[in-house]
Each structure stands twice: as C-alpha cells, then as structure tokens.
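In what follows, a single structure is set out as structure tokens and then discussed.
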Amino acid sequence: MIPLFSVIETMPPWAWIAFFAFIIAMLALDLGVFQRDSHVVGMKEALGWCVVWAVLALGFGALLWHWRGPEPAQQFLAGYLIELCLSVDNVFVFILVFAYFKVEPRYQHRVLFWGIIGAVLMRAAFIVVGVSVIARFHWILYVFGAFLVYTGVKMALPGKDAEVDPEHNFAVKLFRKFLPVAPHDERGHFFTHHDGRRMATPLFIVLIVIETTDLVFALDSLPAVLAITKDSFVALTSNIFAILGLRSLYFALSGIMQLFRYLKIGLAIILVFIGVKMLVERWVDISTTTSLGVIGSVLTTSVLMSVLVPPTVEKK
C-alpha cells in the first residue's frame, strides 16, 4: 500500500493548515476585494501583483530557512523557479485559447482565477502521490529523469509550436454530451438559462480547456520538482506559489512574449540538467545549491540574450 498519509505527516498538521489558510485568504482577498468588478488588467496592475507574489514566495522561503534550515529553503526556491519557467508555456497556451474563443479581456482574470484553483488541487494530488510512489518504487526516478531529458531535447529542437484546438479537446467533447452550451457568454458567468434550459456558457468551455491543458503541463512539472526535493511540503508549496503568480505573469507577458526568444532554449537546458540529475543521483551527488546556481544562471542568461541579441531578419 502506498504510504500517502506518511508523506503528509512529514510535517505537523498545523503547518499544512496554516499554509492553506493563508492561500485561501489571499485568493479571497484577490477575487473578493481587488477583482470584485470585472475589468481589463493593465500592465501596471499585473506587474504589481507579480511583485506581490514574488515577495510572498521569497518571504516563505526565508521562513523555511529560519525554521528548517538552508537546504529546504534552497529546494523551495529551486522548485519555485522551475515551475515559474515552465509556466511560460502555460502563458502561451492561455493567449491561444483566449484568442480562439474571443474572450473579452475583462473576463480573462475570472477564468484564470478558477483555472488556477483547479491547477492547485491537481498539483497537490500529483505531488503527494508522486512522493508516495517514489518512496515505494525508487526506480521511477529514472523514468522521470529520462522523460525530462527527452522533453528538454524535444523542446530545444526547431519545429512548429504545438497548436491548441479546443474543439478536439477530449474534456470539452465529453462535457458537451451531458450539458448543452449557450451560444454566447452571459456577462462573464459560467452557467446561464437559455430557452428555459440550464446551459454552460462558452466561458466555461474556456475554463475546461485551461484546466485540461494544465493537466498536460503538470506531467513536466511533477518530475522536475521531485528531482529537486522529495519533501512533499516543500514541493507543494513551491509549486503553489508559482501557480498563484501565473495569472499576473500572463497579463504582464501576454503582449511581449515574442521578446523572450531564448527563454524556451533556456528552459530546455534546465529540463535536461534536472533529468540528468535524476538519472545520476545514485552515483553523483549534485547539491541543491549547485542546482539552484545552474537554474538561476541559465534563466538569467536566456532572458539577457533575448533582450540584448537583436533578432535575425529573414531575407526575402
């Protein structure tokens, strides 16, 4: 039997309760106070929230350092940076999905808010189960490592970016078999009554697409964070802090994504490094400090190159 409860019990119950109480309070404050009225999130507001979530994450890392020492704190920061890097692909998908469904900018925050809550619940289940599986079947680490190396190499190779086709999304097709979809949105609501029938709105379909695509991205983030730490509390909290900042990251980067041309190459290098770290950890001990240095250096270099190196102009 997989020891799920033994994984959770690695931290006292009050720590889990306190963390999730804080997250719930922040989400309630976000939606109930700052985002009570649907509006277009501007660059200034988005950057402000990016800073807020980054400061909260760093503050939590400092708390971990004081409470449990430097190793868990460094693992938290490394996991946070990795998930933040992987979130860039999520931002690209959000742009495609919102453009496909022609979602009004003032309703995008609402979709992302509930999408993030679903993502948090999925990641929590994945990480707790993942840590439990590793505790019982250690060989699964090599499978995860090989998968990350494959993903990184595939990401680095030139090719056409994957397109998102919501009409062929399995979850969307399944949902439409059980509940009809209204022909138009109803002021940002997910459900409405049309011709005397309860229907989902197209905005709810958008939410389903966001959730199912995040499920796919979780297949990358789970092995990546578990390569850094086997501590379920550290892995989960680092993932959640990165995910909670994803909405702000979307609104901040959606208009300038094309500027970060080398970020995907940097992410590919990071994934390959983490995969190799998993594959050789039995023979070579790569410390968390070294991992954090590699992740930070590659990320910084890829961003600087994107900014400083002028794009090549194709000759006609």
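The values are calculated or read from the model by the stated rules, or taken from the named source; none is laboratory data. These numbers come from a predicted model, not from an experiment. When we count neighbours, we look across all protein chains shown, and the Cβ atoms used for this are built from the backbone with ideal geometry, even at glycine.
Within segment 213-255, the set of residues being under 13 Å from residue 82 (Cα atoms), among the polar types (S, T, N, Q) and surrounded by fewer than 24 Cβ atoms within 10 Å (Cβ to Cβ) comprises 229 only. Counting only residues that are part of a helix (DSSP H, G or I) and free of Cβ contacts under 8 Å to residues at least 40 places away in the same chain, segment 126-149 holds 2 of them.
Regarding segment 40-50, can at least one residue be identified that is within 27 Å of residue 264 (Cβ to Cβ), in contact with an Asp or Glu (Cβ under 9 Å, 6 or more places away or on another chain) and at pLDDT below 90? Within segment 40-50, one or more residues are within 27 Å of residue 264 (Cβ to Cβ), in contact with an Asp or Glu (Cβ under 9 Å, 6 or more places away or on another chain) and at pLDDT below 90. Residues in segment 222-242 that are modelled with pLDDT of 85 or more and among the aliphatic types (A, V, I, L, M): 5 in all.
If we scan segment 282-291, do we find a residue that is at pLDDT 80 or above, small (Gly, Ala, Ser), within 20 Å of residue 138 (Cβ to Cβ) and under 16 Å from the mean Cα position of the chain (by Cα)? Among the residues of segment 282-291, not one is at pLDDT 80 or above, small (Gly, Ala, Ser), within 20 Å of residue 138 (Cβ to Cβ) and under 16 Å from the mean Cα position of the chain (by Cα), which makes the answer no.
The residue that is surrounded by the fewest Cβ atoms within 10 Å (Cβ to Cβ), among those in segment 256-267 that are modelled with pLDDT under 75 and assigned to a loop (DSSP other than H, G, I, E, B), is 256. Pairing residues of segment 235-247 that are outside any helix (DSSP H, G or I) with residues that are modelled with pLDDT of 85 or more, at Cβ distances under 6 Å and at least 6 apart in sequence or on separate chains, gives 245/53. When residues in segment 169-183 are screened for being loosely packed, with under 10 Cβ neighbours inside 10 Å and either at pLDDT below 70 or of a type outside the set (D, E, K, R) (or both), 3 of them pass. The set of residues in segment 78-89 that are buried (at least 24 other Cβ atoms within 10 Å of the Cβ) and of a type outside the set (Asp, Glu) comprises 78, 79, 80, 82. Note on segment 184-193: among residues that are buried (at least 16 other Cβ atoms within 10 Å of the Cβ) and out of contact with any Asp or Glu (no Cβ under 6 Å at 6 or more places or on another chain), the one that is modelled with the highest pLDDT is 190.
When 270, 210, 286 are screened for being part of a loop (DSSP other than H, G, I, E, B), surrounded by 16 or more Cβ atoms within 10 Å (Cβ to Cβ) and β-branched (Val, Ile, Thr), only 286 passes.
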